[in-house]
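The values are calculated or read from the model by the stated rules, or taken from the named source; none is laboratory data. If you're wondering where the values come from, they're calculated on a predicted model, not measured in any experiment. Glycine also receives a Cβ, built like all others from the backbone with ideal geometry; neighbour counts cover every protein chain displayed. Calculation scope for accessible area: heavy atoms of the full protein, side chains included, ligands and nucleic acids excluded. Shrake-Rupley method; radii C 1.70, N 1.55, O 1.52, S 1.80 Å.
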Amino acid sequence: MTARTSGAQRTRSIVLHLICIGVGALIVVPVWFGVIGGFKDNGQLSTNPLGLPDPWVPENYTDLFASGVFWRQLGNSLLIAVSSTVIVVGAAAMAAFVFARYAFRGREFLVTLFAIGLMFPFAVAILPLFVLLRSMGLLDNPLGVILPQAAFGLPITIIILRQFFRTIPAEVEEAAVLDGCSSFGFFWRVLLPMARPALATVSVLAVVTSWNNFMLPLVVFSDQSWWTLPVGVQAFQGQYADDTARVLAYVVLSMIPALGFYAVAERQLVGGLTGSVKG
């Protein structure tokens, strides 16, 4: 019986390893193709798509670094991502604090209402949102992207932070009150520093979501000077449809900031999600 159990465990371990290798290959191979493809010309992409370039063509990348359009779109993406993240995390932290630490009539209904927001598809709201932004004069204005992104990011952010805030023992709050802390003082000076993993988690989610948002900037910005990187990639692909290697280089450079931010905050992201699940 023991040998049979050991054999089953070994088989299960092998199967899990094979699944992990397969999933990893599905992720790594396209990234490898994009990065290496940016150093090739179109002829090499046709004859040797996954091999190393021969010769290397770094001009696909260096020409983009010398392009003012790329850096402007990068700056627009950073401005919108950072602004929307600050707004959504700040507003959600205050709302989650109230939902987690105070009992009042209608609290669970409001929490459920925010949870329902997770099931509301963004594409359904794009037409009424466009009409609303036009009536408010926010078209071709970064606020026309920042505010809706923050609004759609509130549900998941509030849910994660609320679960984390609920894990903070009541004794900590009582001790802070005895030391003379007000409710806001406890929130600002005690709760937020203790919630750094959760704040890092929702910040990463907000930044990556904003960075990858394509539809909203496409609808809001008709002025090319406000285009973000996803919109710029689409326009660049249309302009250089016959130069696949150059398009791959543009896509890779567009991914690097988001990947770098995620790599730096990965440990905080996992820790914050684990803490939320435990709560």
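Just a few scattered comments:
- Test: residue in segment 254-269 that is under 25 Å from Leu147 (Cα atoms) and buried (at least 21 other Cβ atoms within 10 Å of the Cβ): yes
- Taking (1) under 19 Å from the mean Cα position of the chain (by Cα); (2) surrounded by fewer than 17 Cβ atoms within 10 Å (Cβ to Cβ) in turn, Val204 satisfies each apart from (2).
- Considering residues of segment 185-201 that are of a type in the set (A, V, I, L, M, F, W, C) and touching a residue at least 24 places away in the same chain (Cβ under 8 Å) only, the residue most open to solvent (accessible area, probe 1.4 Å): Met194
- Considering Ile27, Ile36, the condition of being open to solvent by less than 70 Å² (accessible area, probe 1.4 Å) and among the β-branched types (Val, Ile, Thr) is satisfied by Ile36 alone.
- Counted residues, segment 116-146 - those being surrounded by fewer than 18 Cβ atoms within 10 Å (Cβ to Cβ) and within 19 Å of the chain's Cα centre (by Cα): 8
- Condition met for Leu253 (under 18 Å from the mean Cα position of the chain (by Cα) and part of a helix (DSSP H, G or I)): yes
- Summed over segment 164-174, residues that are assigned to a helix (DSSP H, G or I) and open to solvent by 50 Å² or more (accessible area, probe 1.4 Å) total 4.
- Looking across segment 213-230, the residues that are surrounded by fewer than 21 Cβ atoms within 10 Å (Cβ to Cβ) and among the hydroxyl-bearing types (Ser, Thr, Tyr) come down to Ser222, Ser225.
- Options Arg107, Arg72: the member that is basic (Lys, Arg) and open to solvent by less than 80 Å² (accessible area, probe 1.4 Å): Arg107
- Total residues in segment 53-66, condition under 31 Å from the mean Cα position of the chain (by Cα) and open to solvent by 40 Å² or more (accessible area, probe 1.4 Å): 6
- Meets criteria (out of contact with any Cys (no Cβ under 9 Å at 6 or more places or on another chain), in a helix (DSSP H, G or I) and either in the same structural domain as Ala96 (by TED's automatic domain parsing) or surrounded by fewer than 21 Cβ atoms within 10 Å (Cβ to Cβ) (or both)) for Ala241: no
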